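Presented below is the structure to which this report refers.
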Amino acid sequence: MGFLDRKQVVKFLGIPLVTVHDRSKKGVLKPYKIGNRIRYRREDIIATLERSRES
């Protein structure tokens with residue numbers, strides 16, 4: 001299981017940081033708070049991409 005920080009998510013998805021924040025607030029991306037840092041599970045991001053392609 002791999003975790004990504006916000007900058008890594010931006011690179012992975014090719015979207016702006018503002019979009020990562022917006023999609024987190026809307027529940028599209030699920031952030032995990034680890035200590036005082038926000039991380040995203042790589043598997044969650046891939047699953048979200050696959051669901052969006054099916055729609």
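Condition check for P16 on (1) of a type outside the set (K, R); (2) surrounded by fewer than 16 Cβ atoms within 10 Å (Cβ to Cβ); (3) modelled with pLDDT of 95 or more; (4) in contact with a Ser or Thr (Cβ under 9 Å, 6 or more places away or on another chain): one failure, at (4). Selection of first residues in the stretch 28-55 that are over 16 Å from K7 (Cα atoms) and of second residues that are among the acidic types (D, E) and outside any helix (DSSP H, G or I), restricted to Cβ pairs under 8 Å at least 6 apart or on distinct chains, gives an empty result. In the stretch 5-16, the residues that are touching a residue at least 12 places away in the same chain (Cβ under 8 Å) and β-branched (V, I, T) reach residues that are crowded, with 16+ Cβ neighbours inside 10 Å and part of a helix (DSSP H, G or I) with C-beta atoms within less than 6 angstrom, at least six apart or across chains, in these pairs: V9/V20.
The values are calculated or read from the model by the stated rules, or taken from the named source; none is laboratory data. Given the structure is predicted, the values throughout are model-derived calculations rather than measurements. Methodologically, a virtual Cβ is constructed for each residue, glycine included, from the backbone with ideal geometry; neighbour enumeration extends over all protein chains shown.
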